[in-house]
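The structure under discussion appears below in the form of structure tokens.
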Amino acid sequence: MTWCATATTVAGTGNAGSQVTQLRDPWRVALDSSGAIYVADSYYNRVSSWTIGSPIGTIMAGQVNGQSGSTLPYLNTPYGVCVDSNKNVYVADTTNHRVQLWTYGASSGATVAGTGKKNVIKIKRYFMMFLGSSGSLLTQLSSPNSVVLDSSTNTLYVADTGNHRILSFEPNVTTGVLVAGGAGAGTSSTQLSSPTDIYYDSSSRTLFIVNLGSHCVVRWVIGAFTWSLVAGIPGSTGTTPLTFNNPQGLTLDSAGNLYVADTSNHRIQFFRSGNVTGTTIAGTTSTAGASSSLLYGPRSVKVDSQFNLYVADTTNHRVQMFQRC
């Protein structure tokens, strides 16, 4: 498969701003069944949806003016988003340490995972120590970066980034189940290191996980105690077809091919199913830029049924579509 070298901007203008035509630091994108694009607009604390060809986004979660907050009508630096078949939006409300569900058309969210607070313990009268890496409380999250939904069971899978683990949450249950990681940050096959994005394959009950701190992508079967390596070299950075530099986003297509947003290399890498050698299909390795052929710190990638790519071109404040050629 090949993709056009130049992209079309499908959300945002490339100039940071709070208008409904603009984005600032878009972090993650999702697609619904109609082809609409949902964008976690992290700086302006909201999620917007965009129809291809329209220059204006519709605010689906958070406030139109971009104001942050911790009560239910507000978000605070949302990094992750997914959408169900009814256009209900699930948001990884990162700085609020929770996952919010905004039903379609709602003006306020409901907390479906996390308590909105990090796990903390008082050591002295005026000193608090954060235990974000301990993973001791399954009701809490620490800076969640991504959320995905198993549409067959409505189970949520959350990248609990600060706790170096993946939790699952059944509907109407506030206590999560540890399904990956939880053994502290590290590069061993029982550990994760700041997981930032996840893809759930329901047919094999498998999670594909971007292991940001280890610069790799791993596969973790639900019920297993260890991961298997999919791409990258754990603990090593690089610009070669075998390595990543701070990868932050991933997706798979219907054929099982892997796409990775290789953030600090400013590129999207493509891996045919079972192949550990990547091919750059968007952006130019180690070259950041704002032209239609370049990316700058991309943090998310999605692919539609026609294999067109949608990239959160974060530092350029836009979402780019690279068509399959």
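The values are calculated or read from the model by the stated rules, or taken from the named source; none is laboratory data. If you're wondering where the values come from, they're calculated on a predicted model, not measured in any experiment. Neighbour counts are summed over all protein chains in view; Cβ atoms, including those assigned to glycine, are modelled from backbone coordinates with ideal geometry. Side chains included, ligands, DNA and RNA excluded: accessible areas come from the protein's heavy atoms. Shrake-Rupley method; radii C 1.70, N 1.55, O 1.52, S 1.80 Å.
Once the chain from S228 to S203 is taken as fully extended at 0.36 nm per residue, the excess over their C-alpha distance is 7.2 nm. Under the classification rounded if a/c is under 1.5, otherwise prolate if a/b is larger than b/c and oblate if not, where does the stretch 180-286 fall, given a ≥ b ≥ c as square roots of the Cα gyration tensor eigenvalues? It is oblate, given that a/c is not under 1.5 and a/b is not larger than b/c. With Cα atoms defining each centre, the stretch 275-302 and the stretch 189-237 are spaced 21 Å apart in the structure. Taking a ≥ b ≥ c as the square roots of the Cα gyration tensor eigenvalues, the stretch 208-252 comes out prolate, since a/c reaches at least 1.5 and a/b is larger than b/c. Over every Cα atom in the chain, the radius of gyration and the widest Cα-Cα span, Dmax, amount to 18.3, 63 Å. Per residue, the solvent-accessible area of the chain (1.4 Å probe, heavy atoms of protein chains only, all protein chains present) comes to 40 Å².
As an equivalent ellipsoid, the stretch 24-107 spans semi-axes of 19, 13, 11 angstrom, where each value is the square root of five times an eigenvalue of the C-alpha gyration tensor, largest first. For Y79, the solvent-accessible surface computed with a 1.4 Å probe is close to 50 Å², ligands and nucleic acids excluded. The simple spin-label model puts a point 7 Å past each Cα toward its Cβ; for T153 and S254 those points are separated by 2.5 nm.
Estimated from the Cβ-Cβ distance and a Förster radius of 35 angstrom, the FRET efficiency linking L137 and T6 is about 0.15. In the elastic network of the chain, a GNM with C-alpha springs shorter than 10 Å, the most mobile of V210, V20, V83 is V20.
Relative to the Cα centre, the charge distribution of the chain, modelled as +1 at Lys and Arg Cβ and -1 at Asp and Glu Cβ, gives a dipole magnitude of about 680 debye. Surface composition of the chain: carbon and sulfur make up 51 percent of the accessible area, probe 1.4 Å.
Put a dot 7 Å past the Cα of C325, heading toward its Cβ, do the same for V173, and the two dots end up 4.9 nm apart.
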